[in-house]
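Undergrad: Take a look at the following structure, please.
The values are calculated or read from the model by the stated rules, or taken from the named source; none is laboratory data. All values reported here derive from a predicted model rather than from experimental measurement. Don't worry about glycine lacking a Cβ; one is built from the backbone with ideal geometry, like all the others, and counts go over all protein chains shown.
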Amino acid sequence: MSSRRGNGEGSIFKRKDGRWCGVVTVGIDPQTGEQKRKYFYDDERKGVARKITNLKQKLFNGTYSEPCNMLLKNWLVRWIEGRKSSLAYSTYRNYRVMIKNHLNPDIGDTKLKDLKARQIQELLNYKLDHGRKKGKGGLSPRTIKYIYQTLHAALEQAVKERLINNNVCKAVEVPKKQEEKKLHTWNKKQVNMFLNKARDYKYFILHYLALNTGMRRGELLGLQWQDIDFKQKRIQVKRQLARTDEGLIFKKVKTKSGNRTIPVTGDVITELKRHKIKQGEKRLALGEAYNKKADLVGCNGIGNPLDPRNLVRDFKEIIEEAGIPEIRFHDTRHTFSTLFLEARGSIKTLQQILGHSSITVTIDTYSHVTEEMLIEAERKMETMFKVVESNK
């Protein structure tokens, strides 16, 4: 064999044991400057020739990558830290949690080159049924999907950097539980019970807006007085308050559809005016100690951004005092949406109010049928058949 063989060149020869051997130069070792070669073996010459041809084609197309001995857990850490500056903090944090709690402990010691689709499939299947660390039971389908998305994104980048030839996640099917997803919401009576108790709490206006607009917690905490048109009865959603490693910061809403205008009722405007008067009295009393520049509708006692945890703590205390079923703060958004649909609001309008990027998201989320909707449908059907009979 010639030591001056160029990149992609190869040769085939028969060994003393009778087997055929093929060798192809695939590059230069940057540390030693020596040629790197890949060897193939087969009982027949044509078997070796076929393997060499396949490799040469990959070298020619630029799709060849040498098998990577890096462990998956090491790559995942390098990948997520490399993307930290380009991801929203919440996305970065969620990816990191999936890596730390679910990927690294179970398959992190596998080499990138050895990772198999079946291995990933079995991991996801197991997590769905037995994934909880505390107590029995499995993880939610949403968490399973997030584990998959994290690994898929990491391996996709590994392909781009030619650490591996293909993303084995593409051959994996994300498992789903068969039971129907159920939203946790309040009915009109429970909403009124909650708001009656909430009036005695300092963050009443934020709870009131949540249930009357469907705004997200971060959007509510980022709402400024300049975003409210009292005459036209409109609220503009422009920013959100988010918690990061550096503390609380204001950020633009995630998507173009998230930057939206929400119509509100006269009652909402009345509550906002009442709240503004109270806030103005406090601002005058505190003088320079009050942060006027923040211009926040919902804030702490001196006008600064309100820690989201304090709002949630307030929310839970009111629920307990009102004696109604416990839901998450985010479920106020689902409650608003359900009551909006029960009031015969259109699904397209709801999509725009919620800031969903696609009407499909809205339909998939609120495809459930409430008792009130069934009653209304029954009334319509009764009327429909009466009309048919009168026309006979």
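Undergrad: Would you say residue 336 is over 19 Å from residue 240 (Cβ atoms), in a helix (DSSP H, G or I) and among the aromatic types (Phe, Trp, Tyr)?
TA: no
Undergrad: So how many residues does segment 319-332 have that are assigned to a helix (DSSP H, G or I), over 14 Å from residue 211 (Cα atoms) and in contact with a helix residue (DSSP H, G or I) (Cβ under 6 Å, 6 or more places away or on another chain)?
TA: Residues flagged as assigned to a helix (DSSP H, G or I), over 14 Å from residue 211 (Cα atoms) and in contact with a helix residue (DSSP H, G or I) (Cβ under 6 Å, 6 or more places away or on another chain) within segment 319-332 amount to 2.
Undergrad: Please verify whether residue 99 is outside the structural domain of residue 22 (by TED's automatic domain parsing), closer than 24 Å to residue 254 by Cβ and in contact (Cβ under 8 Å) with a residue 12 or more places away in the chain, treating the condition exactly as stated.
TA: Yes, satisfied.
Undergrad: Still on this structure, I have one more. From (1) within 33 Å of the chain's Cα centre (by Cα); (2) in contact (Cβ under 8 Å) with a residue 60 or more places away in the chain; (3) under 18 Å from residue 217 (Cβ atoms), pick out the condition that doesn't hold for residue 326.
TA: That leaves (2) as the condition not met.
Per-residue answers, yes or no, for (1) hydrophobic (A, V, I, L, M, F, W, C); (2) assigned by TED's automatic domain parsing to the domain that holds residue 212; (3) in contact with a Cys (Cβ under 7 Å, 6 or more places away or on another chain); (4) surrounded by fewer than 19 Cβ atoms within 10 Å (Cβ to Cβ):
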site: 288; (1), (2), (3), (4): no, yes, no, yes
site: 292; (1), (2), (3), (4): no, yes, no, yes
site: 296; (1), (2), (3), (4): yes, yes, no, no
site: 315; (1), (2), (3), (4): yes, yes, no, no
site: 328; (1), (2), (3), (4): no, yes, no, yes
site: 332; (1), (2), (3), (4): no, yes, no, no
site: 347; (1), (2), (3), (4): yes, yes, no, yes
site: 351; (1), (2), (3), (4): no, yes, no, no
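Undergrad: Please indicate, with yes or no, whether at least one residue in segment 83-100 is of a type in the set (D, E, K, R) and in contact with a Phe, Trp or Tyr (Cβ under 9 Å, 6 or more places away or on another chain).
TA: For segment 83-100, residues of a type in the set (D, E, K, R) and in contact with a Phe, Trp or Tyr (Cβ under 9 Å, 6 or more places away or on another chain): present.
Undergrad: In segment 19-40, what residues are at pLDDT 90 or above and exposed (fewer than 15 other Cβ atoms within 10 Å of the Cβ)?
TA: Within segment 19-40, 19 is the sole residue that qualifies.
Undergrad: Do we have residue 222 as in contact (Cβ under 8 Å) with a residue 12 or more places away in the chain, at positive phi and surrounded by 17 or more Cβ atoms within 10 Å (Cβ to Cβ) here?
TA: For residue 222, the condition - in contact (Cβ under 8 Å) with a residue 12 or more places away in the chain, at positive phi and surrounded by 17 or more Cβ atoms within 10 Å (Cβ to Cβ) - is not met.
Undergrad: Would you check if residue 139 is under 24 Å from residue 183 (Cα atoms), of a type in the set (A, V, I, L, M, F, W, C), in contact with a Gly (Cβ under 6 Å, 6 or more places away or on another chain) and assigned to a helix (DSSP H, G or I)?
TA: So residue 139 fails the test.
Undergrad: Same structure, new question: Working only within segment 79-115, note down all residues that are hydrophobic (A, V, I, L, M, F, W, C) and either buried (at least 19 other Cβ atoms within 10 Å of the Cβ) or in a helix (DSSP H, G or I) (or both).
TA: The answer is 79, 80, 97, 98, 99, 103, 107, 112, 115.
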